[in-house]
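Worksheet: one structure, shown below.
The values are calculated or read from the model by the stated rules, or taken from the named source; none is laboratory data. Note that the structure is a prediction, hence the values are computed from the model and not measured. In this analysis, Cβ positions are derived from the backbone assuming ideal geometry, glycine residues included, and neighbour counts consider all displayed protein chains. What goes into the accessible areas is simple: the full protein's heavy atoms, side chains included, and nothing from ligands, DNA or RNA. Shrake-Rupley method; radii C 1.70, N 1.55, O 1.52, S 1.80 Å.
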Amino acid sequence: MHSTLKLTVSHAPFWHNGSSISSKSRNILLASLLAVIPGCYQYGFPAVGVVTMSIASAILWELLINFISRRPISVGDGNAALIGMMLAMMMPATTPWWAVVTGTFFAVVIGKEIFGGIGANPFNPAVLAMTILMLSWGALFDFNAALLNYSFDFKAVYPLVMSKSFGASAAGSFSLMNLLQGKQIGGIGSTCGIGLILGGVYLMIRGHIRWEISISFLVGIFAAALGFNWLNPELYAGPGFHLLTGYTLIGAFFLATEDSSSPVNFIPMLLYGLFGGVLTVMVRNIGAHIDGVLYAILIINLVNPLLDKIRPKAIGKGV
Amino acid sequence: MPKTLVQEFTKGLWQELPPFRLVLGLCPTLGVTTSMENGLGMGIATTFVLFGSNILISMLRSVIPSKVRIACFIIIIASFVTIVELLMQAYTYPLYLKLGVFIPLIVVNCILLGRAEAFACKNNVSSSMADGLGIGIGYTLALGSLGAIRELLGHGSVTVWGHLSYNLMSAFPSYHPFTFMVQAPGAFICLGLMLCLINAIGD
Amino acid sequence: MNEMVKMVVVLTVLSAAAGGVLAAVNKGTASQIKDQQLRFVKGPAIETILAGSSINPIENRFEIKEGDAEKSIFVGKFDGKANTIAFEEFGKGFGGDIGVMVGVNMDTDKLVGTAVTVHSETPGMGARAKDDPSFVSQFKGLPVANPVSVTKDGGQITAISGATITSRAVCAAVDKAMQAYQKMKPELQQEIKKVGK
C-alpha cells in the first residue's frame, strides 16, 4: 500500500548542501563539543550531569510525543539530541534535574513537535524553553547565585550583571583575553569564546550554518555597543565586552542560525542578524533584563516570515 | 429529533463544552484563569447572565423582529451583565477587584450571543433554561479546572474562598512553583494542552 | 411599514425596561457598594494608620464639606479618647492620581501615619510607595504646620529611588491633607465630640 511515491511541492528558495538532517545534527553536536568540553572541565561532573540529562530527556520527550501522536519515530535524526545540547549549553552547571526535564519538555514538545516536528517550528525550541525557565525560576538561572559554591582563579561574577549595575568601569575590569578564554562564569557551553568561535567557523565552512546570519548578528552587536559606548562611555561598556559575554557567541553561531526559524535569502539574513544584534545590546543597556540574546532571538524569529518576503522576483512575473 | 430537557442540560457539560468543544469565550478563559477562584467566579457570573438572557430571549422570541434581533439580544445581555457587575460590587467586592474589566466584557463573550442566536430564539423557555444552565455550568467547570491547574502549577497551592485549599508544596516539599503557568503565555499553552487532551478523549 | 413600527416599539420598550431595571438595581446596591469600597480599598490603609483603635474607624465616620467636595473622616479612639482622624487626599502621580490616607492626632497636631490607598504607578518602581512601608513611615510624627517635600526639593522626605514623581505626588497629597486639616479643624473638633460619646 505504501509503494505510491509521494512528492512534496514547496516554495522556493531552497538551500541544500547535500547533507542529511542526521549528519547536520551530528556536525553541530560535534562543533558544540568544542565549547561544552571546556565548560565541563571548568564546572566538573555536575556540568556533565546537566548535559547528559538534557540530551537524554530531550530524546525521551521526542520518543513519547512520536508515540502519542502516532508518527514515525524521529529521534534518529539527532535533532532532539541537538536541542537538548543547546539547552544544556545555556544552563548553569547547578541546574536541578527537574528544571532540565521541564526545559526539554518545553523545547521538544511545545517548541517543536506541537508545530509539526522538525522544520516547522517558528521559534528556536531551545531559546523558547530557556526563556520560559528563566521567567519561572529566575533564581536558578542567576549565575552569580547559582555558581556561588565554585571557586575559580578568576573573578566569579557574571560580567553582564557587573556592567548592568556598575556601568562600564566594572565591565573594564574583565580583560577581553580572559573572557575569550572562557575565564568567566555563565552557562556550561556559553562562556568559552574560543571554543564557540572555532565551532562556528567549522560549521560555516561545512555550510551547516549560514555565515551571513552569524556575522551580521555579531556586527549588529558591535555597532550597537559602539554607538551606546560613544554616547556615554561611563555607563555603557564597549563592543568587545558585549561580544564576549553572556550568550552572544552561542547566540550568533548556534541559536540564531537554527534552520526553520531563520531566513534563507541573502538580504533577509543580513537584516535578521543585524536586527538581532542591535536588539540584544538594547535589552542589555536600556532594558530590564540582564542578557538580551534570548529575547532578541525570539523576536527575530517572529520577524522571520516578514523578512522572507524580501525575495527576488520570479522570472516572467510582475514586469 | 427533539431532545429531552436533561439532554439539553448535559450537552453543555461535555458535547458542547464551551471553551474546549465550541472553542468560544476564549478571552476570559485565557485572561482570568490565573487562579481557580477567579475562574469559578467568572464562570458563575457568566452562568447567571446566560441563564437570564436565555430565558428572556426565549420568552420574547415571537415579539422580537428578526431585523433588529441582535440589537435586542445585546440590550438584554448588557442589562444582565450590568446587574451582575453591581451585585458583585455590592457583595463580593474582592472578587470584583480581581476580575476587573472582564466582568463588563461578558457582554461581548461569544457564548452569550451564540446561545441567544443559535438556541434561545428558536426554542421554548424550558429548554432554553436547561441549555443556558448546562452551557454555563460547563463553562464554569472548564474555567475552574483550567484555573486550578494553572494555580496549582504556578503557585504550588490552590485556595478557593479561603476554605477549600490544597497545598502541593506540603505534599512535595521540593516543588518549586512554575510561575510561567500563571503568566499570560502559560494560559495559552495550558489551554492548548487541555484542548489536546479533550480531543484525545473524544466523545 | 407595520414591521418598521414594530421594530421601533420593541426596541424602545426593551431599552426603557432595561434602563428602569438597572436604575432600580443601582439604587438598591449603592450604599452596599460604597460600604464595600470603603472596606476593601481604603480599609487596609485606615487599619494600618489607626491600628489599635478601640472603635471601628469605618463605622465611626462622618462627612465634612470642604470646598465643593465632601470628605469622609475616619475616627480612631486611643486610650479612651477619640482624638485621631484619618482622611484621604490625592496627588498627581506618574500614572494618574495617587490616593493617600493621612492620619492626624488632633491633640498634638502631628501626623500619626500615612498609607497609599489607590494608585496606578509602575510596578516595582512607583508602586513601592504602597508596597514598601519604609517610605511612608517617614511622614510619621511630622507636625502639620510645616509643609513636606522630597530632599531634592529641599525637604525632609527621602524619595523612592527611581520614582521621584511618585514620591513628589505623595508629598503633595500629604501637604494638601495638612492644609485641609488646618482649615477644617474647628469643624472637626465639633464633630469628633459626637463620636467620643
Exercise for review: Using just the helices of chain B, give the 222 nm mean residue ellipticity in deg cm²/dmol: DSSP H runs with n ≥ 4 each add -39,500 (n - 2.57), and the total is spread over all residues, rounded to 500.
Suggested key: -20000 deg cm²/dmol
Point to revise | Listed residues A:Gly117, A:Gly273, A:Gly199, most fluctuating in chain A (Gaussian network, C-alpha, under 10 Å) | key: A:Gly117
**Study point:** Descending Cα extents along the principal axes, chain B, whole Å
**Key:** 62, 41, 28
Point to revise | Helical contribution to [θ] at 222 nm, DSSP H n ≥ 4, -39,500 (n - 2.57), averaged over chain C, rounded to 500 | key: -14500 deg cm²/dmol
Revision key, fill the gap. Row for region B:1-108, column shape: gyration tensor on C-alpha, a ≥ b ≥ c, rounded if a/c < 1.5 i.e. under 1.5, prolate if a/b over b/c, else oblate; value oblate
Point to revise | In Å², nearest 10: area of B:Met88 left accessible to a 1.4 Å probe | key: 20
Practice item. Any chance you could check the Cα centroid distance between region C:29-68 and region B:1-62 for me, in angstrom? Key: 38
Practice item. Partner chain Cβ atoms within 10 Å, averaged over the residues of B:84-94 - can you pull that number for me? Key: 5
**Study point:** Dipole axis of the protein assembly as shown (+1 Lys, Arg; -1 Asp, Glu on Cβ), positive-most option in A:Gly316, C:Gly99, A:Pro92
**Key:** A:Gly316
Practice item. Give me the lysines in straight-line cross-link reach of A:Lys155: C-alpha distance below 20 Å, same-chain residues under 8 apart excluded. Key: A:Lys164, A:Lys183
**Study point:** Dipole moment magnitude, nearest 20 debye, the protein assembly as shown about Cα centre, only Lys, Arg, Asp, Glu C-beta charged
**Key:** 940
Review point. Across peptide C:33-39, how many C-beta atoms of other chains are within 10 Å of each residue C-beta, on average?
Key: 4
**Study point:** GNM flexibility winner over chain A from A:Met177, A:Met89, A:Met162 (Cα, springs under 10 Å)
**Key:** A:Met177
Review point. What's the lysine pair count for chain B at a Cα cut-off below 22 Å, pairs eight or more apart or interchain?
Key: 4
Review point. Considering only B:Thr34, B:Leu97, B:Leu50, whose Cα is most displaced toward the positive end of the charge dipole of chain B, charges sitting on Cβ of Lys, Arg (+1) and Asp, Glu (-1)?
Key: B:Leu50
Review point. A:Tyr247's amide H: which non-local residues (gap 5+, or another chain) put their own amide H closer than 5 Å, with H modeled 1.01 Å from N in plane and none for Pro or chain starts?
Key: A:Val293
Practice item. With a 1.4 Å probe and every protein chain left in place, work out the accessible area per residue of the protein assembly as shown in Å², rounded to a whole number. Key: 47
Check your understanding: Where nothing but the Cβ of Lys and Arg (+1) and of Asp and Glu (-1) is charged, how large is the charge dipole of region B:5-201 around its Cα centre, in debye to the nearest 20?
Key -> 380
Point to revise | Estimated dipole of chain A in Debye, rounded to 20 [Cβ of Lys and Arg +1, of Asp and Glu -1, Cα centre] | key: 700
Check your understanding: Between A:Phe217, A:Ala256, B:Leu17, whose Cα lies farthest towards the positive end of the dipole of the protein assembly as shown when Lys and Arg beta carbons carry +1 and Asp and Glu beta carbons carry -1, centred on the Cα centre?
Key -> B:Leu17
Check your understanding: Hey, in the GNM for chain B with a 10 angstrom Cα cutoff, which one of B:His155, B:His163, B:His176 fluctuates hardest?
Key -> B:His163
Revision key, fill the gap. Ignoring ligands and nucleic acids, B:Ser170 exposes an accessible area, probe 1.4 Å, in Å² to the nearest 10, of 90
**Study point:** DSSP-defined antiparallel bridges as percent of all bridges, the protein assembly as shown, nearest 5
**Key:** 95
Point to revise | Pairwise burial B:C, computed as accessible area of each alone minus the pair, summed, 1.4 Å, Å² | key: 1800
Practice item. Would you mind estimating how fast chain C diffuses translationally, via Stokes-Einstein at 20 °C and 1.002 mPa s with the Kirkwood radius over Cα pairs, in µm²/s? Key: 115
Check your understanding: Given a cut-off of under 8 Å on Cα pairs at least six residues apart, what relative contact order in percent is computed for chain C?
Key -> 16
Practice item. State whether chain A is rounded, prolate or oblate according to the following rule on the C-alpha gyration tensor (a ≥ b ≥ c being the square roots of its eigenvalues): a/c under 1.5 gives rounded; otherwise a/b larger than b/c gives prolate, and the remaining case gives oblate. Key: oblate
Review point. How big a patch of accessible area, both sides summed and in Å² to the nearest 100, lies buried between A and B at a 1.4 Å probe?
Key: 800
Exercise for review: Could you tell me the distance between the Cα centroids of region A:157-182 and region A:125-146, to the nearest Å?
Suggested key: 21
Study note, to complete from the structure: Computed from the beta carbon distance with a Förster radius of 35 Å, FRET efficiency for A:Ala156 and C:Ser161 to the nearest 0.05 stands at 0.80
Review point. Taking square-rooted eigenvalues a ≥ b ≥ c of the alpha carbon gyration tensor, is region A:130-199 rounded, prolate or oblate, where a/c under 1.5 means rounded and, failing that, a/b exceeding b/c means prolate?
Key: oblate
Exercise for review: Output the direction-averaged projected area (hull surface divided by four) of the convex hull of the alpha-carbon atoms of the protein assembly as shown, in nm².
Suggested key: 45.0
Check your understanding: When the accessible area of the protein assembly as shown is computed with all protein chains present and a 1.4 Å probe, what percentage of it is carbon and sulfur?
Key -> 66
Study note, to complete from the structure: Relative contact order of chain A (C-alpha contacts under 8 Å, at least 6 apart) in percent is 19
Check your understanding: Percent relative contact order of region B:5-201, based on C-alpha pairs within less than 8 angstrom and at least six residues apart?
Key -> 36
Practice item. Let me know the longest stretch in chain A that avoids all chymotrypsin sites (Phe, Trp or Tyr not before Pro) found in a DSSP loop with at most 12 other C-beta atoms within 10 Å. Key: A:153-319
Practice item. Evaluate peptide B:58-64: per residue, the Cβ atoms of other protein chains within 10 Å of its Cβ; return the mean as an integer. Key: 2
Check your understanding: Quick one: which of C:Lys77/C:Lys185; C:Lys140/C:Lys183; C:Lys92/C:Lys140 span more than 19 angstrom between C-alpha atoms?
Key -> C:Lys140/C:Lys183; C:Lys92/C:Lys140
Check your understanding: Based on DSSP H runs of at least 4 residues, each adding -39500 (n - 2.57), what is the mean residue ellipticity at 222 nm of chain A after dividing by all its residues, to the nearest 500 deg cm²/dmol?
Key -> -17500 deg cm²/dmol
**Study point:** Kirkwood Rh in Å, taken over all unlike Cα pairs in region A:14-127
**Key:** 14.3
